[in-house]
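Structure record follows, encoded as structure tokens.
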């Protein structure tokens, strides 16, 4: 299986749903600092799930608040990102 | 086929009024080329208004014979942007490219003083070719004022006269301008277009079905959009204009209530427990769905204040205020929202919000809302008292869901609560109906999935 850089997956999903967000802000809180609302966060989770081929359970959402956290999560859970 | 018959059959594609306050706009890019076959609902151009760039659909089937207005040129609403030959008509490029003055709503022609009455008169047309053309176009040349040398009637005169010419009352013109209605599309039978025709059209527009959507090749969408800062400044101006008008003209009243969401959120959690991110339902959609259904039970808040009277919406078209991170806001519309189930409302809302934020809304997706919902559901704001978006007569504002002390069965409990404020236009609807709306909204929230 081809391996993807988890940051690329997150940034591509982010570019789709919130192109105005700076992908270099990897440590900023997507909700509090970058202004994504619940609809955006849901879209982001769906877009990442689709791209990475995994489902992110809702119970994991609270720990996924930054680009870096999302990328690390993919590196850990998504077979295509290892 | 006589020369000119194709021009009779051709259909103009005009600069649409994308909002009540739009006077002019420009093409950002054409998504079709001359010769392209288009179908009703196809996106053919991106139009730049002072608020946003919007994908604009065509409302006829046919072939694009001429792109009249090049990208970048600012033109008034109603200007012919392109010509189409309807299916079945043979496009005649010679005629199609003839110089026909564009029809413009924003700069209306002087009121025609007379109705053409056919009388037996001598034709002033000497050229057999032009006489033929006049016949084909059913133009009575005896009453034409020639613009050629010595008052001679020219090809332009005949083609101009062949444009559908109708009498339009000054009130109809004013209403059409106010509501962005293209008077050439109005049906008035054989009579002059009057104000009622425009008002009927406005309420019919509000009831128009969701139009078919064509998928546009991805690369057609990568053309550079205009500078964000410029867009933000122009959107600010538009918001300033509309809101100032609303604040000055509409006597707002507000009724407010607090709503216990415990039961609602429990139902929602149960519903979402086995759903993936792509199919999960958010409270925002539950609010939208309940608001739309409440508008059905209190139809007096759902509609438009037009020319001094209330015109009830024939369906609930719910405007959803979307705040943009780059500043400004947009209000795309969920059409027939009360007739849709919660899942459909959620799907449409997600799609509209995403495309509002990524600059990909279609022209048919904004405007014509019959009532609007604004939610400041994510921040620290408990309540919002919004301003009505004319010509609507009501707007529902919701604060953030937060825990509050709540008296229940003589005991003090802590409950998730939302503050709901309905602002109504007192010219159209009284506070009693506003409170009935809130009561109905509260009831629908208790059974979100019913």
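Give me the pairs, please: first residue somewhere in the range A:32-61 and more than 19 Å from residue A:6 (Cβ to Cβ) and facing another protein chain (nearest Cβ under 7 Å), second residue anywhere and surrounded by fewer than 20 Cβ atoms within 10 Å (Cβ to Cβ) and modelled with pLDDT under 90, beta-carbon distance under 7 Å, and either six or more positions apart or on two chains.
Filtered contacts from the range A:32-61: A:35/B:325; A:37/B:378; A:38/B:378.
How many residues does the range B:340-366 contain that are touching a helix residue (DSSP H, G or I) at 6+ places or on another chain (Cβ under 9 Å) and either farther than 28 Å from residue B:419 by Cβ or within 13 Å of another protein chain (Cβ to nearest Cβ) (or both)?
18
When you scan the range B:46-146 for strands (runs of 3 or more DSSP E) that lie fully inside it, which ones turn up with 2 or more residues that are at pLDDT 80 or above, touching a helix residue (DSSP H, G or I) at 6+ places or on another chain (Cβ under 7 Å) and assigned by TED's automatic domain parsing to the domain that holds residue B:356? Spell out how you get there, then give the answer.
Numbers: elements: B:53-57, B:62-67, B:74-76, B:80-86.
Because the criterion is at least 2 residues that are at pLDDT 80 or above, touching a helix residue (DSSP H, G or I) at 6+ places or on another chain (Cβ under 7 Å) and assigned by TED's automatic domain parsing to the domain that holds residue B:356, no strands (runs of 3 or more DSSP E) in the range B:46-146 meet it.
Please specify each residue of the range B:250-279 satisfying the condition of being within 14 Å of another protein chain (Cβ to nearest Cβ) and crowded, with 19+ Cβ neighbours inside 10 Å.
Just the residues of the range B:250-279 that are within 14 Å of another protein chain (Cβ to nearest Cβ), to begin with: B:265, B:268-279.
Across the range B:250-279, the qualifying residues are B:268, B:277.
From the residues in the range B:412-438 that are in contact (Cβ under 8 Å) with a residue 60 or more places away in the chain and part of a helix (DSSP H, G or I), which one is farthest from residue B:346 (Cα to Cα)?
The qualifying residue farthest from residue B:346 (Cα to Cα) is B:431.
So residue A:17 clears everything in (1) surrounded by 15 or more Cβ atoms within 10 Å (Cβ to Cβ); (2) away from chain B (no Cβ under 14 Å) except one condition, right? Which one?
(2)
Restricting the range A:26-46 to residues that are under 13 Å from the mean Cα position of the chain (by Cα) and surrounded by fewer than 15 Cβ atoms within 10 Å (Cβ to Cβ), which is farthest from residue B:324 (Cα to Cα)?
So the first thing to find is which residues in the range A:26-46 are under 13 Å from the mean Cα position of the chain (by Cα), and the list is A:26-31, A:36, A:40-46.
Next, from what is left, pick out any that are surrounded by fewer than 15 Cβ atoms within 10 Å (Cβ to Cβ): A:27, A:29.
Working: A:27: 22, A:29: 18 Å.
Across the range A:26-46, the extreme among qualifying residues is A:27.
In the range A:20-29, which residues are within 12 Å of another protein chain (Cβ to nearest Cβ) and either touching a helix residue (DSSP H, G or I) at 6+ places or on another chain (Cβ under 7 Å) or within 10 Å of residue A:68 (Cα to Cα) (or both)? Quick ask: steps written out before the conclusion?
Within the range A:20-29, the first condition is being within 12 Å of another protein chain (Cβ to nearest Cβ), and the residues that meet it are A:20-22.
Result: A:21, single match.
Going through B:394, B:413, B:369, B:407 one at a time, which residue ends up being in the same structural domain as residue B:318 (by TED's automatic domain parsing) and in contact with a helix residue (DSSP H, G or I) (Cβ under 6 Å, 6 or more places away or on another chain)?
Values: B:413 fails: in contact with a helix residue (DSSP H, G or I) (Cβ under 6 Å, 6 or more places away or on another chain); B:369 fails: in contact with a helix residue (DSSP H, G or I) (Cβ under 6 Å, 6 or more places away or on another chain); B:407 fails: in contact with a helix residue (DSSP H, G or I) (Cβ under 6 Å, 6 or more places away or on another chain).
When all the criteria are applied, what remains is B:394.
The values are calculated or read from the model by the stated rules, or taken from the named source; none is laboratory data. It should be emphasised that the depicted structure is a prediction, and the values quoted were computed from it without experimental measurement. No Cβ is skipped: glycine too gets one built from the backbone with ideal geometry, and neighbour counts run over all protein chains shown.
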